[in-house]
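Take a look at the structure below.
The numbers here are math on the coordinates, done by the rules we state, and not lab data. What you see is a predicted model, and the numbers here were worked out from it, not measured in a lab. Positions of Cβ are generated from backbone atoms using ideal geometry, with glycine treated the same way; all protein chains shown enter the neighbour counts.
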Amino acid sequence: MATTELTDTTDAIAGALRATLRGAVIDRGHPSYDGARRVWNGLIDRHPAVIARCTGTADVVEAVRVARAHRPTVSIRGGGHQVAGSAVCDDGLVIDLSAMKGVHVNPTARTVRAQAGATWGDVDRATQLFGLVTPGGEVSETGIAGLTLGGGMGVLMRAYGLSCDNLRSVEIITADGVVRTASREEQTDLFWAIRGGGHGLGVVTSFEFGLHPLGPQVAMAQVLYPYTDAGSVLRAWRDLTTQLPDTVSPEVALWSIPSDPDVPEDMHGAKVVVVAGVYAGAPDEAAAVLSPLAELGTPLMDLSATVRYLDVQTSIDAAFPAGGRYYMKSHFMDQLSDEAIDDLLRCDAARPTPQSLVVIRTLGGAVARVPEHETAFAHRAARYNLSIDASWSDPALDDTAIGWARTSWDTMAPHGTGGVYVNFAGLGDETDRRETFGSSGRDLERIRGIYDPEGVLAAAADRH
C-alpha cells in the first residue's frame, strides 16, 4: 500500500474509532504510541497504524465493525505475553483488550469469569481467596487469553487438564460483529475450535473456567542436581515419570541458576538440572509422591517446601522480565529415549546464554483422558513436550540465540511426533499449520470459513 493511501486509511480508521470507542484510540502521533505497541518479548518491534484500547465488549464490537469496513490487517492483544508477538502487527489495527482485566469468582458454583486482558496472576489472586484454582501458565504475567486459546500447559495439567479443558464458556465477537456465547450447549463448533485452535476465530472478550479446590498452601518439589550428572538424572527422571500419579506433573530443565536469594551467591550462574513438581492435593499427603524427585541422584540443593500457590505461580517471573528477548520452539514426544537424551545434552552444551534453557514437561493424566477430537488441541496422546527456550538481552546476540534454538529444534525433530505447541512455535509464521493443529486443521479452517468468510481476522489466524 502506498504511503498516501496508508495514511488516508489510517486516518479513516482512527476517525471512525474515535467516534464510537470509549477507550483510547492510539495512532503514531499519540504520546502513548511507543508504550502501547510494546509487548513482553523485546524481540518484537512492530508498528501498527492504530491501536484501539477497548474498555469493554461494546468497544470490541465497534472495533470489529471498523475492521470490516476498512479491512486493515488485524491483530488482537490480550496480555501481550505471547512469544511470537502476535498481539501486534505492522501497519494494521490492534484490537487491544489489555485494559479489560475484570475477574469474578463464584465460589459456590466453583467458576471464575475473567476478561481477556487478565493475566494468570490476576486470576490466581482472585481464586485463591477461596482456596480454588484453574490450571494456568507458569509465569504469572502470562495472559489468560493466548495461553488458553493455544491449549494451556501448566504445573497442574495432569491432575486437572489443560487450561482449555477447564473452559465452561466464552464470550466472543465474531467477524460479523455479533456477540456470541460459545459453550458445550451454544455455538458448539466455535467452542470446539477455540479450545486449542489458536487465534483468528473471533475476539474472545471473556473466559469462564471451572475451578478446583487447591491451596492456599501447596507442596512443591524443586531439586537442583549437578550438571555433570545430567545424563543419569534425565534417564532416572524419565523412568520415574511413568510411575508417578496424576497428582503431579513433573518437569525437568537444563538451566543455569538465576540470581535467587534462596540460593548461595557463589552458585548463581552455575549450570544445573532442575527437577520440579507441584502436588495437586493436601500438602500433608504429598511426601510419598514428591520425595522420589529428590532421589534421582545426589542433589546439590533441595528447595522443596510447602508454600503458597501464589508464590509458586510467581516464582520464575523475575527470570523472564518484560523487555527481554525470547525465542521458543517445541516438540511433542511419545518417548524420551537414551538417544534423545544424548542429542539434547549436545544441544544444551551450545546454549548461548545462562538465561536460556530447555524444559521437558510431562503430559498424560487428565490431558490424555479427554477424547482426541473433543477439542481442537491436537497433541493429547504425546507423553512429553520439549521446549527449547532462547532468552537473552543483548540485540547483538539475536542471530546466535535464535540460531541455537532453531538448530536444536532441528536436531531433536527425529525424536518428536511432528507436533508443535502453538504457544511455543518460534515467531509463528515459520511453522507449518499441520504441525501445530494436526488433524484439527481442516475442521478449524472450515469453522473459520463459517464465522469469517471474508477473512476480516485472517491475519490474526495466520500469526497463530
Normalised Cα Rg of the range 3-96, dividing by 2.2 N^0.38 Å with N its residue count, works out at 0.99
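If I take every Cα pair under 8 Å that is 6 or more residues apart in the chain, average their sequence separation and divide by the length, what percent do I get for the relative contact order? Present the calculation step by step, with values, prior to reporting the outcome.
Numbers: 1083 pairs, mean separation 76.2, N = 464.
Relative contact order comes out at 16 percent.
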Please report D176, D389 as a ranked list, fewest other C-beta atoms within 10 angstrom at the top and most at the bottom. D176, D389
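How would the range 316-464 be classified by its alpha-carbon gyration tensor: rounded, prolate or oblate, with rounded meaning a/c under 1.5 and the a/b versus b/c comparison settling the rest?
Numbers: a/c = 2.13, a/b = 1.32, b/c = 1.61.
Verdict is oblate for the range 316-464.
For R308, R325, what's the fewest-to-most ordering of other Cβ within 10 Å of each Cβ? Numbers along the way, then the final one.
Values: R308 14, R325 20.
Fewest to most other Cβ atoms nearby, the residues stand as R308, R325.
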Whole-Å semi-axes of the range 1-157's equivalent ellipsoid, largest first, each the root of 5 times a Cα gyration tensor eigenvalue? 32, 17, 12
Step by step: find N for the range 218-437, compute 2.2 N^0.38 Å, then divide the Cα radius of gyration by it. What's the final number? 1.00
Can you pull the percent of Cα pairs in the range 138-241 with separation above 25 Å? 39 percent
How long are the semi-axes of the equivalent ellipsoid of the chain, taking √(5λ) for every eigenvalue λ of the Cα gyration tensor, in whole Å from largest down? 37, 24, 21
When V312, V61, V233 are arranged by how many other beta-carbons sit within 10 Å of their Cβ, fewest first, they go V61, V312, V233
